[in-house]
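Here the structure comes first, spelled out in structure tokens, and everything after it is commentary.
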4 protein chains.
Amino acid sequence: MIQAGIYGASGYTGQELLRLLIFHPEVEVAALTSRKYKGTPVSDVYPIFRGLTDLEYIDASPETVAGLCDVVFLALPHGEAMAVVPAFLEAGKKVVDLSADFRLRDRATYEKWYIQHSAPQLLERAVYGLPELYRDDIRKADLVANPGCYPTGVILGLAPLLKGDYINISSIIVDSKSGTSGAGRELQMGSLFCEVNEGFKAYKVGGHRHAPEMDQELSVLSNEEVKVLFTPHLLPVTRGILSTIYADMKGTYDAAQISGIYEDFYDDEKFVRVYTVGSLPNISSVRGSNYCDIGITVDKRTGRIVIVSAIDNLMKGAAGQAVQNMNLMYGFPEDAGLNLVSLYP
Amino acid sequence: MIQAGIYGASGYTGQELLRLLIFHPEVEVAALTSRKYKGTPVSDVYPIFRGLTDLEYIDASPETVAGLCDVVFLALPHGEAMAVVPAFLEAGKKVVDLSADFRLRDRATYEKWYIQHSAPQLLERAVYGLPELYRDDIRKADLVANPGCYPTGVILGLAPLLKGDYINISSIIVDSKSGTSGAGRELQMGSLFCEVNEGFKAYKVGGHRHAPEMDQELSVLSNEEVKVLFTPHLLPVTRGILSTIYADMKGTYDAAQISGIYEDFYDDEKFVRVYTVGSLPNISSVRGSNYCDIGITVDKRTGRIVIVSAIDNLMKGAAGQAVQNMNLMYGFPEDAGLNLVSLYP
Amino acid sequence: MIQAGIYGASGYTGQELLRLLIFHPEVEVAALTSRKYKGTPVSDVYPIFRGLTDLEYIDASPETVAGLCDVVFLALPHGEAMAVVPAFLEAGKKVVDLSADFRLRDRATYEKWYIQHSAPQLLERAVYGLPELYRDDIRKADLVANPGCYPTGVILGLAPLLKGDYINISSIIVDSKSGTSGAGRELQMGSLFCEVNEGFKAYKVGGHRHAPEMDQELSVLSNEEVKVLFTPHLLPVTRGILSTIYADMKGTYDAAQISGIYEDFYDDEKFVRVYTVGSLPNISSVRGSNYCDIGITVDKRTGRIVIVSAIDNLMKGAAGQAVQNMNLMYGFPEDAGLNLVSLYP
Amino acid sequence: MIQAGIYGASGYTGQELLRLLIFHPEVEVAALTSRKYKGTPVSDVYPIFRGLTDLEYIDASPETVAGLCDVVFLALPHGEAMAVVPAFLEAGKKVVDLSADFRLRDRATYEKWYIQHSAPQLLERAVYGLPELYRDDIRKADLVANPGCYPTGVILGLAPLLKGDYINISSIIVDSKSGTSGAGRELQMGSLFCEVNEGFKAYKVGGHRHAPEMDQELSVLSNEEVKVLFTPHLLPVTRGILSTIYADMKGTYDAAQISGIYEDFYDDEKFVRVYTVGSLPNISSVRGSNYCDIGITVDKRTGRIVIVSAIDNLMKGAAGQAVQNMNLMYGFPEDAGLNLVSLYP
């Protein structure tokens, strides 16, 4: 049994990590930190843990937490994560960082979209934690940058097409719709029930911070510079991201052919499910599980491919993928603690 | 006061028409038909009408209803509407048809996407009831084909760009998201609360019947043959359609310039609201009202325009627009009975 | 046309008042105040008003607002309302106060449940603004205390039984369920979408401030001291309160007899709809309208009456009732500006 | 590994059973039956099972299914379950019946509320499957009648009070609110998204079939004839039942004392969580898990106890409890396959 810590454990991602780790066969949770809830049992803040754990939140330095843990999950806002990563690495601990701080390999890009980077020397050491693309690197890493929720579904949705050079990369349009838990538990007017319920809107068109992250990984896949047009929308549901992805085909393929390409590409992947032609995913089919479901359509009239991918933003889009990364880092079975059927209805 | 009938008044569109007509200053509702609820007070089927009307549903032939009314709204499934239209016209009545039967001018296109047409001789007589584009024709018409819900928002969202030749017409992609009331009150598994709630999915990608309707009107606007790629999605809300529309610009414009084009185009339109640059519509801002709200973004990185339009599918997308059409046909103020502030939150 | 002001107009109740007043045939809105949004057009804060009004929020003293208006609606938190009421009354203006400050006639009770009262000399002058019980007093009043949302539905639901002495007053149990807009637009964790959605809970059992308000009015009706057991619950909907009210019958009546009593009692009331035996109200049948719908059941097995009442908490529970009160104060038709069919579905 | 069958596996309860059994350490699912979906993979009907099982629905006689299984779960409508139970028992199989057919011990009561009983000789053999009350009997049973969803939460909520004679049994009022999945996947107008969403109503007041089931068990607990007043309501959520239960205390106790009584009573129970005084359960804290959460309040003003209990109707209210019963029948750890943290948010 390894000892795990969750640094910044009071938000939705933090509690989701605890939900997964509490029954993980190889892990014991040794520390949960929260400045706000210091001294409070986690089961008071999240009653789902009543009867399952006596853990209390602590307010502790990275050094103290490093003394308690083998691996630490950082569920902190960007900026705060890079401030504590060096201490954990110096103490010889493994880190899965769920913030954006080590996702962008290019420092200038990070600083353009976020803030000044305080640990740029570690950017090269960090591995982008998308197991389906970087499995071997993750196995050897001690610092994994867990991907953003939108990029996870979009990159997995486009990878087979870009690897195989099937589409015109300047034609990619990504129309994503995310549940509200993606905004976290912070107090913002736009997250109030009465503002979200029965509503639907686009936001940050052309200006969302996940766009450069997609660009980076799609460019790696295609060996060319990709600039996606990314439009996020806010769904009046708690969990789930569905991305509808449009691209012009370079040749002429029908849906069955494209589907075959995806099935080959993801043949051995446990957490990517390629749908048979004629059916498309629904976010409700991945709720609470670590799957990325992908459906394929070809519009013959216009020569375009339409890919639909669905994930649970708190699972494959955050905590689930983080556990998958930890499993790889420790050589555990990749699905340890993740054998969860989606909750339906 | 004119006498109005609603033929097929038991569904959501039928009851919405009654909601609007009951306080319309120029109209009295003389007949509501329903085979299923014959003899039942409408206030038993829809308790919102308790205390407001004693009307009962009747099961009556078009001839009988024609005897009671000056104008009739057909809230029937496609196929059934064209079966009764001739009788109403022969009796000298005005008809607003909310079905798809007279929306497509080309008989072959209709028969390809729907069924055999039983009244093709009337196709030319019918006017497509989008007042912002066909106001003068509607004023003179006795048969108005009320547009589909998706086409209403999409056509209004694209009209200024197509009229002014600002975009590459082969590049148009329409990603629409509709509330569940668009599926009507029929018993279908896909409309059950537990199937829709907390879910989100695309459906009928490239195969929705509203695509040829959009193509028809967008082609008229652009004087070229348009084929849109149209992807509808099902939102877990009751009312509202938000369409995110992508197109490549022919020249180089910024959002303020495009916005100016829209403001000019819709300058005198009461029911189209163009948003200032930087803000985008939300379906919750049009709920229960007859507005079409439009927001504009230009993505400089990719040279694309992103238009977002929002309507209430039961209002501007159905009953509200039908009343607007009736107002035009009778020379009433165009907003009579439609002076409704959206219900928020 | 009279001039109306809304003092504290940035919350849900304030915007609902504006929604009602904007098309009110006898009223012009002259002032909207908000410290937070001073200088901002109301249509920026609530886009439903785009195209309908150019009004901007102002930050103004009661004296300044009194100079602009004949009547003022106070949509302020308790404590703040009583601080400005004297200024409006001294200026000879009429006031409809939507806060709790003048609802409780007994100063000590107010101070026990709220805070110290700063204008106790006005408690006697204020009229409790439930038109169905205090219509004549309201007509003559210049200070109307608009009832709380929960009390409105509960008092209307119990009045006929208490007036006629049909129930044992010590047996009254009120189990109420309210939509989330009742909590206002303040930033609270408990109002976040992800906290409310798919959830349901009781709160403040035996400790809600609306209990003494119910006690006060139910005691007046029954001429005895009533102490209700009141349990509020939070519903994952935006609008609506449904109260299920239990009481032991003093004699033996069947549902038809009790129903007859209610129909007689509310015979001339436009905004109370008594349901026929066998049907019960749903909050979705009053959404957006000023109705209070009441259904009656008698449980023969246990000799108890079960009353179900439904209102829209922002309408009959707040802004709608406030406009109804204003109509009475000015001798306008009681339903002026309130001829609204509920929005369904 | 034992072999399990689910007879009638196409509804929400059937798929929930499969969700639980698919990772159960002691069970293999050998058969799923459905007339409607015969020959269809379960993963086509419920995409959550994609990648997890190749099982197809079969249409098979009880005899055939008995040949494949050691234990069978009946997820059939009442009436159909009792028609197949004898065949399974004759074949020496164990049966967990999730229908109402064997819940009521008294044949006449069953026939009054349901239909004629076709296997009355088995009524005595059946054990009421509430483990917290009948654990030892369940261990020895071959026919377990899985309790109704409402009764589960209500009986667990009242058991300590009735066992200890703390309340006046004629005073019990049960006000329950259930999510929509309780109505199943059948096509009914009242289950449509647009009918349920943003709505809330009471239904079947005094006439719900779960009332006699509560009466039966509460009478056993109290040794007197109990007749509850039971009011079910429909919540616009998918999962969860919250019951607010009122009763007059016989003596004078404060909340801490009552809470102590509950803690003692449920001391060793894994799936009942008694809340500390001052906190009350929310259905969102039991979603997807097998817990029954109970909160306690005492209203000193009226001398009444208010108990709030929360379950997931598909879990502790159906499939979860069924698996708990099977675990007992086979001597497996009682929580095998049920070590699930609730899904939040």
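The values are calculated or read from the model by the stated rules, or taken from the named source; none is laboratory data. The structure presented is a predicted model; accordingly, all values stated were derived computationally and were not measured. Reconstructed Cβ throughout: ideal geometry from the backbone, glycine too, with neighbour counts over all protein chains shown.
A few remarks follow.
Yes/no matrix, rows are residues, columns are (1) farther than 21 Å from A:D335 by Cβ; (2) in contact with a Gly (Cβ under 6 Å, 6 or more places away or on another chain); (3) polar (S, T, N, Q):
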position: A:M1; (1), (2), (3): no, no, no
position: A:I6; (1), (2), (3): no, yes, no
position: A:S10; (1), (2), (3): yes, no, yes
position: A:L17; (1), (2), (3): no, no, no
position: A:L21; (1), (2), (3): no, no, no
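- Scanning region C:245-259 for residues that are out of contact with any helix residue (DSSP H, G or I) (no Cβ under 7 Å at 6 or more places or on another chain) and among the hydrophobic types (A, V, I, L, M, F, W, C), we see that the one that is surrounded by the most Cβ atoms within 10 Å (Cβ to Cβ) is C:I258.
- Tallying residues that are surrounded by fewer than 18 Cβ atoms within 10 Å (Cβ to Cβ) and touching a strand residue (DSSP E or B) at 6+ places or on another chain (Cβ under 7 Å) within region B:23-43 yields 6.
Residue by residue, here is whether (1) more than 25 Å from C:Y37 (Cα to Cα); (2) touching a residue at least 40 places away in the same chain (Cβ under 8 Å); (3) in contact with a Phe, Trp or Tyr (Cβ under 9 Å, 6 or more places away or on another chain) holds:
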{"residue": "C:T64", "(1), (2), (3)": "no, no, no"}
{"residue": "C:L68", "(1), (2), (3)": "no, yes, no"}
{"residue": "C:F73", "(1), (2), (3)": "no, yes, yes"}
{"residue": "C:V95", "(1), (2), (3)": "no, yes, yes"}
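- Filter pass, C:D293 being without any contact (Cβ under 8 Å) to a residue 24 or more places away in the chain, within 11 Å of chain D (Cβ to nearest Cβ) and in contact with a Lys or Arg (Cβ under 8 Å, 6 or more places away or on another chain): yes
- C:Y291 farther than 23 Å from D:T231 by Cα and of a type in the set (S, T, Y): yes
- Every residue from region B:43-97 that is closer than 20 Å to B:I22 by Cα and among the polar types (S, T, N, Q): B:S43, B:T53
- Scope region B:122-138; condition without any contact (Cβ under 8 Å) to a residue 40 or more places away in the chain and charged (D, E, K, R); matching residues: B:E124, B:R125, B:D136, B:D137
- Count of region B:312-345 residues which are away from chain A (no Cβ under 14 Å), in contact with a strand residue (DSSP E or B) (Cβ under 8 Å, 6 or more places away or on another chain) and not in a helix (DSSP H, G or I): 3
- B:D312 vs. criteria acidic (D, E) and modelled with pLDDT of 95 or more: yes
- Condition met for A:I6 (hydrophobic (A, V, I, L, M, F, W, C), in the same structural domain as A:T64 (by TED's automatic domain parsing) and closer than 18 Å to A:S99 by Cβ): yes
- Applying the condition of being at negative phi and assigned to a loop (DSSP other than H, G, I, E, B) to region A:173-190 and asking which residue is nearest to the chain's Cα centre (by Cα) yields A:G179.
- Residue among D:A141, D:A145, D:A159 that alone is over 26 Å from C:V306 (Cα atoms) and surrounded by fewer than 24 Cβ atoms within 10 Å (Cβ to Cβ): D:A141
- Out of A:E224, A:E217, sole residue that is out of contact with any Gly (no Cβ under 9 Å at 6 or more places or on another chain), in the same structural domain as A:I283 (by TED's automatic domain parsing) and part of a loop (DSSP other than H, G, I, E, B): A:E224
- Out of A:D106, A:D59, A:D54, A:D70, sole residue that is touching a Pro at 6+ places or on another chain (Cβ under 7 Å) and either of a type in the set (D, E, K, R) or surrounded by fewer than 24 Cβ atoms within 10 Å (Cβ to Cβ) (or both): A:D54
- Helices (runs of 4 or more DSSP H) within region B:1-116 that include 2 or more residues of a type in the set (F, W, Y): B:107-113
- Residue among D:L229, D:L242 that is surrounded by fewer than 24 Cβ atoms within 10 Å (Cβ to Cβ), under 29 Å from D:P77 (Cα atoms), in contact with a Lys or Arg (Cβ under 6 Å, 6 or more places away or on another chain) and not assigned by TED's automatic domain parsing to the domain that holds D:I115: D:L229
- Number of positions in region C:321-336 that are free of Cβ contacts under 8 Å to residues at least 12 places away in the same chain and hydrophobic (A, V, I, L, M, F, W, C): 0
- Each residue in region A:170-211 was checked for being closer than 18 Å to A:Y246 by Cα and within 11 Å of chain B (Cβ to nearest Cβ), and 13 of them qualify.
- Meets criteria (crowded, with 24+ Cβ neighbours inside 10 Å and modelled with pLDDT of 95 or more) for A:S222: no
- Strands (runs of 3 or more DSSP E) lying entirely in region D:228-282 (those with 2 or more residues that are within 14 Å of chain C (Cβ to nearest Cβ) and under 20 Å from the mean Cα position of the chain (by Cα)): D:229-234, D:241-248
- Residues in region C:192-212 that are among the small types (G, A, S) and buried (at least 22 other Cβ atoms within 10 Å of the Cβ) were compared, and the one that is nearest to the chain's Cα centre (by Cα) is C:A211.
- D:L280 buried (at least 24 other Cβ atoms within 10 Å of the Cβ) and farther than 25 Å from D:G11 by Cβ: yes
- Cross-chain or 6+ apart pairs with Cβ under 7 Å, region B:199-219 first and of a type in the set (K, R), then at pLDDT below 95: none
- Restricting attention to region D:9-22, the residues that are away from chain A (no Cβ under 12 Å) and surrounded by fewer than 23 Cβ atoms within 10 Å (Cβ to Cβ) add up to 1.
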